[in-house]
Amino acid sequence: MAAAQGRLSDGAGGMDEAKDTEKDRREADTVPLPFRAAVDALKAARLRPQIEVEPTPPPKRLAPYAYALEAAVVDGDEDLADGRLVLLHDPAGHDAWQGTFRLVTLVRAELEPEMAADPLLPEVCWSWLTGALQTRGLTYGEPSGTVTRASSHYFGGLSARPAASQIEIRASWTPREGLGGVPDTAAHLASWCDLLAQVAGLPPAAPGDASVVTLPQRRGPQSR
């Protein structure tokens, strides 16, 4: 299975790398232990082999501490869906979060226009997110988000292209904190990957999991 911590660099080392390592060590010493433990759990998570996950630069203004991952559901050299998951931490707490941690996500995939026209699609997509968390027994609070569908139609010199429709889920929620004030970020990451898999139209990871409903009439994979 794929590990969540991403690929190792194969570049040469040297003095610059040593300086960067020392700088990273100094910065790590100032990071709160709960956030460090939450990030370590994300890096150690074992995920479905169809989902490629790697670190990406996090936003800098949303919280004092942040860590981000980007992921793609891959079929050969093609993407079926992609997304981003950001872990935020404010040791002082945040009134809107009702906690010290927050998870923020973006998930995207292409759909057949007929599926995108379903008036119940936004509600169904939101239920995929909440259902993925509940299926793994996770407790969370203050959920919020949007489900957006967009369609593109091509004309003139682009008229040979078929119409394209995309679904986009943006959401955030507060994970329950466990021992030492650390949420089970590995389980939340696994739930997020369950959502990605659903949007991509993959079958359930666990046999007989009726909570996972795949999308019919999937559009072909997107080139990376």
Cβ-based net charge around P59, under 14 Å, with every Lys or Arg adding one and every Asp or Glu removing one: +3
Neighbour net charge for L121 - beta-carbon separation under 12 angstrom, K R +1, D E -1: -4
Chymotrypsin sites (Phe, Trp or Tyr not before Pro) restricted to the range 55-158 and DSSP loop, no more than 10 other C-beta within 10 Å: F155
Theoretical FRET efficiency, 1/(1+(r/R0)^6), r = Cβ-Cβ of R161 and T130, R0 41 Å, to 0.05: 0.70
Under 5 Å, built H, 5+ apart or other chain: amide partners of A81: V73
Charge sum, other residues only, whose C-beta stays under 12 Å from A186's C-beta, Lys/Arg counted +1 and Asp/Glu -1: +1
Whole-Hz couplings from phi, Karplus 6.51/-1.76/1.60, listed for the range 166-183; x for Gly and Pro: 10, 10, 9, 10, 10, 8, 8, 7, 9, x, 5, 8, x, 4, x, x, 10, x
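Taken together, the values in this text are just the output of simple stated rules run on the coordinates, not laboratory data. Everything quoted here is computed from the prediction, not taken from an experiment. As a convention, Cβ positions derive from the backbone with ideal geometry for all residues, glycine included, and neighbour counts pool all protein chains shown.
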